[in-house]
Structure formats: structure tokens, C-alpha cells
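Engineer: Take a look at the following structure, please.
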Amino acid sequence: MGTKLNILPLDKWFDTNGKPLIISGPCSAESEEQVLQTGRALAKIPEVQMIRAGIWKPRTRPDIFEGVGEIGLQWLTKLKAETGLKTCVEVANPQHVDACLKNNVDVLWVGARTTANPFSVQELADALKGVDIPVMVKNPLHPDLKLWIGALERFNQAGINKLAAIHRGFYTYEKTPFRNLPMWEIPIELKRIVPNLAVITDPSHICGNRELLQSISQKAMDLAMDGLMLESHINPAVALTDASQQLEPKNLQKLLNNLVHRQEFGTEDFENLLEKLRFDIDHIDEELLTILTRRMHKIEEIGHYKKENNITVLQMDRLRHMMLSRLKVGKELGLDNIFVLKLLQLVHKDSIQVQTRIMNKEL
Ligand code: PEP
Ligand code: MN
């Protein structure tokens, strides 16, 4: 998938000091006191470089707290004047953009629900034409990488090049330990396709609870993500939104202290040995593909044989036996059972497709 995004890297528009960008603050601004108390405590944490706060909240159902609205921006201005910390706010329509620009919000972010709607994204992009402000785009609710990239493209076409992405996980109907599935392969693929793009992980909305925050934050660092957005509240127990995932500032400090930071690149000796090991992997992958090709040729041969003898593509007994025997071998070899199962399913699906094509081809 090609994209012509022209992005200014994060460290060219924000002084990160070579460190991951740590953004924290309440899910929602609730009162002047709550914003100021939370922000003052965060300002004492050296790693925190930017304050977040939801001013207009996208709620699943009506008649619940929908954010304090524009007045909350004044509290953020006050906090900024006092602490010097930059501020960022979610915008979902052009009125939000106007209000944020009027109140000197430093960075805007687009929420997951908005990213999923190209009409809304385009309205935001149009409202930002000619404005020089960084925009961070959260992933859409569902795992659609193209839609995520499409939103970034709309802002880019409106002239915004200070762009970053926020990975907040993906909705799943299944019950899992996470509120939103991380599906790390998607932000990783985004980074691969868009080289200059910083991706900030939002462990709060991925986890939905405080217990998993540390491990997801560490994982983000280990995957060389560019920062973290972590919700915090001076008294999470009484928070009006997302109470179960917000951290007291002192616990945020603990989480940040416990993070192990690893380098993306090592010493020359390290890089040399790594290159050798990778050379081995390249070789093994080649062997793997050669073996898969041999297997596929056999599948084709069997397909023709079945066709000549008018035999169905699928034999359930054979499939059952094949799966069980391979799973057993995989287990004996110390491979993860789920991994082997997924691999077999993938290989078998392709084999079925090849034989079906053979069956239906006039040969
Ligand atoms: C938020 O950041 O508080 C929020 C509403 O997030 P999301 O858009 O990721 O659901
Ligand atoms: Mn929230």
C-alpha cells in the first residue's frame, strides 16, 4: 500500500530530548480544582511533557456526563501558565477546533470514533487549513489500517505535517483481559508504511484497568513506540469517566520509574553479531519457503489425482488426523500449540483453494 504522506518527525516539532513523549492528564476535565490539582502533581513528574484532558466527551449513550465544554479550556490555559506544560485536547468537529485555537491549545487529537468517520475527519481537516498546529490521530475503533492512514492523509492534504498517531487498541465483541485489543501488528505496519510517523501508545484505553497498564506500557517501549498517553486523575475513585483505568499521579510516577528503556540500536559488536544471527534467519526463511513450495506441488499433484477419480477436495477424517498428528509433533518439538494450529489452518486453507481451482478448471 503506497502513501505520499509528508510528515515532520516528532522531534522536529516537539522537544522530546530523545526520550519517549509522555502525555498524561484526566480522561475528562471535570472541575477547575480537579484539572489544576492533577496537573500540578503531574508537573512534578519529570517524564511528563504534555497534559491531556477531554473537554467534549464522546459517550456511547446519551444523558450521561458529556464533558464540561469550552470552560475547561480556560482551566487548561491556567494550568499551562502555571506549569509550562503543553496541552492537548480531543476535537470532533470544527466548533471544537475553533475553541481550541482561541484558547491556545498546543496539540489537537482526533478520537477513535471520529477517525472512523471520513466526513468528520474531512470537516476537521478543512477547519485546520492554513493553521500550523500538530494533530495526533487515534486509530479507528475497528482494525482498519487504511482508514487510519486515510485520516492522516486528509490532514496532510490540508497542510498539516506535524502529525502523529495514537494507538489505543481495537474494539472486540469477545471478552478479553483488555478493553480494546492491542493488535500490535497494526501500529507496527503503520510505522513500516509511514517511516517518519511517531506512534504514541495509549495503554489506558487498551487496558481499561490499572492492573495491565505497566505491562502494556513496557511492551510499547520494547516495540520502540514513540511515547505513551496515560490517563491520570487526582482521585480516580470519583472520576466521572474511565474511573477504573486512571492513575493517581503518584502511581503514574511509579509506573514510569519501573519502565525499562531499551535502545533501538546497539554497539558495533552487538550490531555485527545481530547481523550474523539475522543472516541465519534469512537462510532459514528461504528453506521454509522452499519446503512450502514442495508441499504445494504435492498438493497440486493430489488435486489432479482427485479430479481424475472424481473425489471431493476435502476428506474430514484426513483433515482431523492431519491436524492432530501435526499438533502432536509440534508439541514434542516445543512449539506453541496455538501457533501450530494457526499455521496449519492457513496452510490447509490455501491447499483447499488450490485444489478447488484445479477441480473447476477445464484441463
Ligand atoms: C479519550 O482519550 O478519553 C478517548 C475518548 O479515547 P478514544 O477516542 O481512544 O476512545
Ligand atoms: Mn478516557
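The values are calculated or read from the model by the stated rules, or taken from the named source; none is laboratory data. Bear in mind the structure is a predicted one, so any value in this text is a computation, not a measurement. Because the Cβ atoms are built from the backbone with ideal geometry, glycine has one as well, and the counts that use them run over all protein chains shown. What goes into the accessible areas is simple: the full protein's heavy atoms, side chains included, and nothing from ligands, DNA or RNA. Shrake-Rupley method; radii C 1.70, N 1.55, O 1.52, S 1.80 Å.
Engineer: When you go through (1) at positive phi; (2) surrounded by fewer than 17 Cβ atoms within 10 Å (Cβ to Cβ) one by one for Glu33, which number turns out not to apply?
Structural biologist: In the conditions (1) at positive phi; (2) surrounded by fewer than 17 Cβ atoms within 10 Å (Cβ to Cβ), Glu33 misses (1) alone.
Engineer: Now for a separate question. Pairs needed: first member in the range 24-53, at pLDDT 95 or above; second member anywhere, within 12 Å of ligand 1 (Cβ to nearest atom) and basic (Lys, Arg); C-beta distance under 7 Å; at least 6 residues apart or different chains.
Structural biologist: Ser24/Arg52; Gly25/Arg52; Ser28/Lys57
Engineer: Could I ask something else about it? When residues of the range 53-65 are filtered for being over 25 Å from Ile200 (Cα atoms) and within 16 Å of ligand 2 (Cβ to nearest atom), how many remain?
Structural biologist: 3
Engineer: Just give me the residues in the range 110-144 being in contact (Cβ under 8 Å) with a residue 40 or more places away in the chain and open to solvent by 30 Å² or more (accessible area, probe 1.4 Å), in sequence order.
Structural biologist: Arg113, Pro143
Engineer: Tally the residues that are surrounded by fewer than 17 Cβ atoms within 10 Å (Cβ to Cβ) and either within 16 Å of ligand 1 (Cβ to nearest atom) or polar (S, T, N, Q) (or both), restricting the search to the range 79-89.
Structural biologist: The total comes to 0.
Engineer: Determine whether the range 171-191 contains at least one residue that is within 23 Å of Gln49 (Cα to Cα) and away from ligand 2 (no atom under 16 Å from the Cβ).
Structural biologist: yes
Engineer: Still on this model: Condition (residue is under 28 Å from Trp109 (Cα atoms) and either within 15 Å of ligand 2 (Cβ to nearest atom) or surrounded by 15 or more Cβ atoms within 10 Å (Cβ to Cβ) (or both)) applied to the range 286-307: is it met by at least one residue?
Structural biologist: no
Engineer: Sticking with this structure for a sec: Hey, could you check the range 318-347 for residues that are among the basic types (Lys, Arg) and open to solvent by 90 Å² or more (accessible area, probe 1.4 Å) and say which is nearest to Lys306 (Cα to Cα)?
Structural biologist: Arg318
Engineer: Mind checking whether some residue in the range 49-70 is open to solvent by less than 10 Å² (accessible area, probe 1.4 Å), over 30 Å from Ala224 (Cβ atoms) and within 25 Å of the chain's Cα centre (by Cα)?
Structural biologist: Checked the range 49-70: at least one residue is open to solvent by less than 10 Å² (accessible area, probe 1.4 Å), over 30 Å from Ala224 (Cβ atoms) and within 25 Å of the chain's Cα centre (by Cα).
Engineer: If Asp11 satisfies every condition in (1) at pLDDT below 95; (2) more than 16 Å from ligand 2 (Cβ to nearest atom) but one, which is the exception?
Structural biologist: Result: Asp11 fails condition (1) only.
Engineer: Within the range 90-99, identify whether any single residue is at pLDDT 95 or above, within 16 Å of ligand 2 (Cβ to nearest atom), surrounded by 15 or more Cβ atoms within 10 Å (Cβ to Cβ) and of a type in the set (Val, Ile, Thr), and answer yes or no.
Structural biologist: yes
Engineer: Any chance you could count how many residues in the range 251-269 are surrounded by 10 or more Cβ atoms within 10 Å (Cβ to Cβ) and modelled with pLDDT of 95 or more?
Structural biologist: Number satisfying all stated conditions: 8.
Engineer: Further question on the same structure: Considering only the range 24-38, state which residues are within 16 Å of ligand 1 (Cβ to nearest atom) and either touching a Lys or Arg at 6+ places or on another chain (Cβ under 9 Å) or of a type in the set (Gly, Ala, Ser) (or both).
Structural biologist: Scanning the range 24-38 gives Ser24, Gly25, Pro26, Cys27, Ser28, Ala29, Val35.
Engineer: Follow-up question, since we're still on this one. So Asn104 fits all but one of (1) more than 24 Å from Ala116 (Cβ to Cβ); (2) open to solvent by less than 80 Å² (accessible area, probe 1.4 Å); (3) assigned to a loop (DSSP other than H, G, I, E, B); what number is the exception?
Structural biologist: Condition not satisfied by Asn104: (2).
Engineer: Would you check if there is a residue in the range 35-52 being within 12 Å of ligand 2 (Cβ to nearest atom) and within 24 Å of Ala112 (Cβ to Cβ)?
Structural biologist: Yes, the conditions are met somewhere in the range 35-52.
Engineer: Going by the structure shown, is Leu73 at pLDDT 95 or above, closer than 17 Å to Asp202 by Cβ, among the aliphatic types (A, V, I, L, M) and open to solvent by less than 10 Å² (accessible area, probe 1.4 Å)?
Structural biologist: Answer is no for this residue.
Engineer: Is there a residue being surrounded by 13 or more Cβ atoms within 10 Å (Cβ to Cβ), over 20 Å from the mean Cα position of the chain (by Cα) and outside any loop (DSSP other than H, G, I, E, B) anywhere in the range 15-29?
Structural biologist: yes
Engineer: Shifting gears a bit: Taking the condition within 16 Å of ligand 2 (Cβ to nearest atom), open to solvent by 60 Å² or more (accessible area, probe 1.4 Å) and in contact with a helix residue (DSSP H, G or I) (Cβ under 7 Å, 6 or more places away or on another chain), does Glu248 pass?
Structural biologist: yes
Engineer: Related question: For the range 239-252, which residues satisfy the criterion of being among the polar types (S, T, N, Q) and over 23 Å from the mean Cα position of the chain (by Cα)?
Structural biologist: Answer for the range 239-252, where residues must be among the polar types (S, T, N, Q) and over 23 Å from the mean Cα position of the chain (by Cα): just Asn251.
Engineer: Looking at the range 107-124, which of its residues are part of a loop (DSSP other than H, G, I, E, B) and within 14 Å of ligand 2 (Cβ to nearest atom)?
Structural biologist: If the condition is that a residue be part of a loop (DSSP other than H, G, I, E, B) and within 14 Å of ligand 2 (Cβ to nearest atom), then Gly111 is the only one that fits.
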